[in-house]
Amino acid sequence: MSLQVTLDFLAQLRENNNKEWFDEHRADYDIARGAFSDMLGELMMRFSDVDELPVLAAKEVMFRINRDVRFSKDKSPYKSSMSALFGPDGRKSTSRYYYVSIEPDGQSIVASGLKSPDTKTLKMIREVIAEDAQPLRDIIQADAFVSMFGELQGDQLKTAPRGYDANHPDIDLLRYKEFMASRHFSDDDVARDDFVDDILETCRALKPLTLYFHTIIKRERA
């Protein structure tokens, strides 16, 4: 089933983000979620072409559509996207993962890297970069990476992190608080029958970045 039904439902949900409307359109949600789940199933079965991850059920990688509004000023109960995380522990993975999100109006993305690491992990990553940043530079300066993702993304400090000189030769990388790369897709891209091929191609290009951080974290925690 084409993901067009998923995009259409999410566009309507964005305009009617309340429980009453959602309950009335539960059948439409089930169809939209089913199309997304089917796509995830196909992606999972073919993912060995990219990375050796365990084959999990779609429900183990898919995030809930309900928003956690406890600490948010926006009390809209539902997300305007459907998303999943492929990794060793499904959606609970903290490294070596690939994020897929479907959202209308060209907001669909495939991403990976290291997002929002805790203080201890970030300190460890910075120490490795400060000692030798070349492996990371080789990844983010590779032609395939630049052509698909442009440059490294993620929140950054405006100044040097504590303990590092502002004139450090790799201060541009040390200022990052998270290290991400993502590729956006148009609604036409998402609705095509070969969209899974595009996701796999993107994840293949993301693999060096996600394995870089996964290897550091795994080594330091061993």
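The values are calculated or read from the model by the stated rules, or taken from the named source; none is laboratory data. None of the values given here were measured: they were computed from a predicted structure. Reconstructed Cβ throughout: ideal geometry from the backbone, glycine too, with neighbour counts over all protein chains shown. Note: areas computed on protein heavy atoms with side chains; ligands, DNA, RNA excluded. Shrake-Rupley method; radii C 1.70, N 1.55, O 1.52, S 1.80 Å.
Tabulated data
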read-out	value
Probe 1.4 Å, all protein chains present, accessible-area order of 109, 129, largest first	109, 129
Heavy-atom accessible area per residue - the chain, 1.4 Å, Å²	54
Surface share of carbon and sulfur [accessible, 1.4 angstrom probe, percent] for the chain	47
Nearest-ten-degree value, helix 119-131 long axis tilted from longest Cα axis of the chain	50
Which of 177, 92, 158 is most accessible, then next, and so on - probe 1.4 Å	158, 92, 177
Distant-in-sequence amide H partners of residue 81 (H built 1.01 Å from N, under 5 Å)	none
Binned Cα-Cα distance frequencies in segment 1-105 - 5 Å width, integer %	2, 13, 21, 21, 18, 14, 8, 3, 0
Tensor-based shape of segment 62-210 (alpha-carbon gyration tensor, a/c under 1.5 rounded, otherwise prolate or oblate)	oblate
Heavy atoms of residue 164: accessible area, 1.4 Å probe, square angstrom to 10	60
Chymotrypsin sites (Phe, Trp or Tyr not before Pro) restricted to DSSP loop in segment 60-120 with at most 10 other C-beta within 10 Å	71
Dipole of the chain, positive direction: furthest Cα of 41, 58, 106, with charges on the beta-carbon	58
Accessible area (Å², 1.4 Å probe, nearest 10) - residue 196	10
Which of 210, 119, 159 is most accessible, then next, and so on - probe 1.4 Å	119, 159, 210
28 Å Cα-Cα reach of residue 207 towards lysines, excluding residues that sit fewer than 8 places from it in its own chain	59, 79, 92, 115, 120, 123, 177, 218
